[in-house]
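Nothing in this text is a laboratory measurement; each read-out follows from the coordinates by a stated rule. Source: prediction; values computed, not measured. Ideal geometry is used to build each Cβ from the backbone, glycine not excepted, and the neighbour counts take in all protein chains shown.
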Amino acid sequence: MSELKLRPAQAEILKYQHGRMAISAVPGSGKTFTLSLLAAQLIRDGRIQPDNQQILIVTYLNSSVDTFRARIRQRLMEMELPDQGYDVRTLHSLALEIVRAANSGLGPDAELTVTDDGQSSHFLALATDQWIEQYPDIWSQFLPDDSPQTQARWRDLTQRTAKAFIRTAKNERYTPDTIHAKLNASNNLSPDHLVTLSPPHPVTLSPLLHMLTGIYGRYQTILDRQGVLDFDDLIWQAANLLEQRAGLADELRARWPCVLEDEAQDSVPLQEILLEQLTGPDGNWVRVGDPNQAITATFTAAHPRFFNAFIDRPDVLSLPLPNSGRSAPLIIGAANTLLNWVMDKHPVPEVRRTTFRRQEILPTPPGDAQPNPPDSEAGIQIKVYRHREDEELPETARRALKATQTFPDYTVAILVPTNNLGYQMAEHLDDLEADYDNLLRGGTREREIAAALHAILALLADPLDKKALTNAHASLHALGHPAAMMPEERVERFHTLLKSVHQPERLLFPLDGQDPLDALPANVAASEDERAVLRFAEFLQGLFGLRPLPIDDLALALGDELFAWGDEIHEGDLAIAYQIATLLRRWRDAQPDWRLPELVAELEGVVAGRRSLPISRPADFGYEPQPGRITLSTQHGAKGLEWDVVFIVGVDGGWIPGNLDAYFQGDN
C-alpha cells in the first residue's frame, strides 16, 4: 500500500472515529480528496460490515458522484481491499431511495414521479401567469412604468422570486394553505383590497407576500393535478417519512452507519433535517464545506449560515482544513486581506458581523505534493478606465484573448459582476472571434435562436399568415442563412414584397405547372427579387415536409436546417436548439392536447421575455476550464472554479456597493 504524505490538518481529520464532525475548509484545500480518504479508511478499519453496510457520501453535483467513486475505488485498490462498502449519492438520489424504501411492498400504485427542472419551471411559469391574469392591479403596482421592457423584466423577476419563495417555504415545511392561514389570522382582506392600501404595509398585508403565496398555491395545484413531486417535495417527503414511519430510520441507519456530506455550505434546511434524522442523535455524521462561500445561495433556500451554525454546535467536533496550494502566497494574502477588511472595517455593521467566518487561507506546508506557485509567477494588476463600455469591456476582451495566445497552456477567465454586463462582454469576444465558454444565464444568443425557431414554427403552424412569412425570412437573414442572404439595403424592400403576396399557398405549395412567382404582384419584383423569392420558397417547401414529425423531432430537424448547412456547423447554436426541442417536448408532455399553434404561442413567450429559457450551461455539469479558451462567467457563478489568469471586471463602487445607499444592480 502506498504511503500518503498528509498535511497536518488532513491527518487530524483522519483520526475521526465516530460522532458529529464539521470540517471548515478553504477553497483549494482538497475537500473531496480528504473526504474520499476518510471513507476508505473507515472501510479499512472495519467500521462497517461490507457485505450489508456502506459508508454513505452525499454530494452536490452528479459529476461529483463519479469523482468520489473513482477516488474511493482507487484508494481501496491501493489498500488491496475490494471495491465495496460505500454508496455515493446526490441529495435528490438519496431522498428518492428513502421514499422507495418506505414504499417497498406497496405495489405499483406507490411509485412516484419527480419532475425535472425544466418541467418545474414550466409549471411555475403557468402558475405565475395565472396569478397575474387574476390580479393585474396588484402585479402592476410594483412597476415604475408600464413599458413592455419593464413588464418583461418584472414578469421574469416575479417568477424567479416566486421560485425562491416556494423553495424557502418548502424547506420550512409550509404549505400554501398554512401560509394563507397565517396571513388570514392577522387580517381579513382579500388580495383585491391590498392594492388600495397605502405603504408601508404590515408584513401580513404585504401585496408581495400575498402574490408569492398565491403563485405558490397555483404551482402546487398544477403539481398535484399532474400527480408529480418537485425536488423539494421529494426531500420534504423523505424527511417526513424518516420522522413518522416506524422503523424506517433504524433500518437505514443499519444500512448506512456513517454519513459523509460534501459541500455542506450549500445545504438547505430540509437537507440538514433529513440527514439529522438519518443519522440519529448518536449517529456518525461528517460535514465538510467552505463557510465563506456558497455556490447556490442566490435565489435558493441554501445559505452558509446553516453550516456555520452546525460548526458552532456543542455536540460537534470542528476541525479546519486551511491549507491551499491553488494560488501563490501573494494571491492568498490579497484574499485574506479582503476577508479581514470586510469583517473589521466594512461600513455596514450587518456585513461585518454576518458575511464571513474568521478563517484565513494558509499556504501548503514545505514538501507538500501541491506546493504553492511562487510569487514570481503571480501578479495583481489594477487597471483604471474612464469609460466602461468604450474602454474597459473591449480592452478586457482583447487582453484576455492575447493571454490565450501568449500562454496557450493557461486557463483564462473573464468574471463580470452581472449577467447583463456579461452579455456586452460576449459581444466583444464574438467580434474578436475568440474561443470562449459562456457560463452566463439567459444570454441574448439563446433568445435569438429561440426567435429563429419560433419564426419558422409559426409559419409551419399557419402558412397563410403573411406576417409569419416575413418574420421567417427576417430570422433567416439575421442568422446569415443562405436561403435569405441579401445585402442589408435590400431587406426592407424585399419584406414589403413578401407582405404583398396575395396567395401565399401558391408560393409555398405550387401545383404542377404553376409558377411560384405568380403569387407576387405583377410588374413589381425585380429579377434579383424573383431569384431571392424562389430561393427562399424552395427552402420553406422542404421544411413543410417535416411538419408531421413530433414536436421535438421537428425542432431538432429545424435546428439542423438553421445551424448546420454546408460547411457551416454552429455547434453552440445547435446545442441550444436541441435543448429548446427538449423543452418543447416537455411542454407537450405536460399539455397532451396542445398542438403546434399552442406550442408556438408558448415559445413566443420566451422570445418576448415573458418566459425564462431553462437552458443548461457547462457549469451545470461540473465544468472544467480548458487551456487556450476563455471562460466568461459572473463572479458569483465562478465559485468553486479556478484559472491561471483571471480578469475581474467592475471592481468599483458602481458594481460592488460599499453601503446600503448604493444603487441596487439586482442579480442580472
Note the direction-averaged projected area, equal to a quarter of the hull surface, for the Cα convex hull of segment 324-380, in nm². 4.5
Among 166, 643, 27, flag the residue with its Cα farthest along the positive direction of the charge dipole of the chain, charges on Cβ as +1 for Lys/Arg and -1 for Asp/Glu. 27
Give me the one-decimal nm value for the distance between modelled label points at residue 435 and residue 348, 7 Å along each residue's Cα-to-Cβ direction. 4.1
Got a sec? Charge dipole of the chain, +1 on Cβ for Lys and Arg, -1 for Asp and Glu; which of 258, 99, 112 is way out at the positive end? 258
Can you give the extra length, in nm with one decimal, that the chain gains between residue 208 and residue 629 once fully stretched, where that is 0.36 nm per residue apart less the Cα-Cα distance? 147.2 nm
Given DSSP loops and a limit of at most 10 other Cβ atoms within 10 Å, what is the longest stretch of the chain that contains no such chymotrypsin sites (Phe, Trp or Tyr not before Pro)? 1-662
Residue-normalised 222 nm signal for the chain, counting each DSSP H run of n ≥ 4 as -39,500 (n - 2.57), nearest 500 deg cm²/dmol, is -16000 deg cm²/dmol
Suppose the Debye formula is applied to equal point scatterers at every Cα of segment 33-168; what is log10 I(q)/I(0) at q = 0.22 Å⁻¹? -1.24
Please work out the C-alpha center-to-center distance from segment 348-370 to segment 485-550 and express it in whole Å. 66
Can you return the lysines within cross-link range of residue 182? Criterion is Cα-Cα under 26 Å, with same-chain partners fewer than 8 residues away left out. 163, 170
For 497-507, 373-383, 246-256, ranked highest to lowest by mean beta-carbon neighbours within 10 Å, the order is 497-507, 246-256, 373-383
Label point distance in nm, residue 386-residue 140, each placed 7 Å from Cα along Cα→Cβ: 4.5
What is the extension gain from residue 528 to residue 244, computed as 0.36 nm multiplied by their sequence separation minus the C-alpha to C-alpha distance, in nm to one decimal? 94.6 nm
Over the chain, what is the percentage of antiparallel beta bridges among all DSSP beta bridges, to the nearest 5? 5
Hey, can you grab everything whose amide H is under 5 Å from the amide H of residue 631? Only 5+ residues off in sequence or another chain; H modelled, so Pro and N-termini drop out. 412, 413, 414, 437
If the only charges are +1 at each Lys and Arg Cβ and -1 at each Asp and Glu Cβ, what is the size of the charge dipole of segment 489-557 around the Cα centre, to the nearest 20 debye? 140
On a straight-distance basis, which lysines could pair with residue 402 in a cross-link, Cα separation under 18 angstrom, same-chain partners fewer than 8 positions away excluded? 383
Tabulate in residue order the Karplus-calculated ³J(HN,Hα) for segment 505-519, using 6.51 cos²θ - 1.76 cosθ + 1.60 with θ = phi - 60°, rounded to whole Hz; enter x for Gly and Pro. 5, 6, 7, 8, 10, x, 6, 4, x, 7, 9, x, 5, 5, 6
Full extension between residue 505 and residue 49 adds, at 0.36 nm per residue less the Cα distance, a length in nm of 156.8 nm
Could you work out the mean projected area of the convex hull around the alpha carbons of segment 113-183, in square nanometres to one decimal? 6.0
Hull surface divided by four, with the convex hull built on the Cα atoms of the chain: how many nm²? 36.8
Where a label projected 7 Å from the Cα of residue 538 along Cα→Cβ would reach, residues of segment 504-520 with amide N under 20 Å: 505-520
For the chain, size of Cβ-based charge dipole, Lys and Arg +1, Asp and Glu -1, in debye: 1920
So, in nm, how far is label residue 78 from label residue 496 when the simple model puts each one 7 Å beyond its Cα toward the Cβ? 7.6
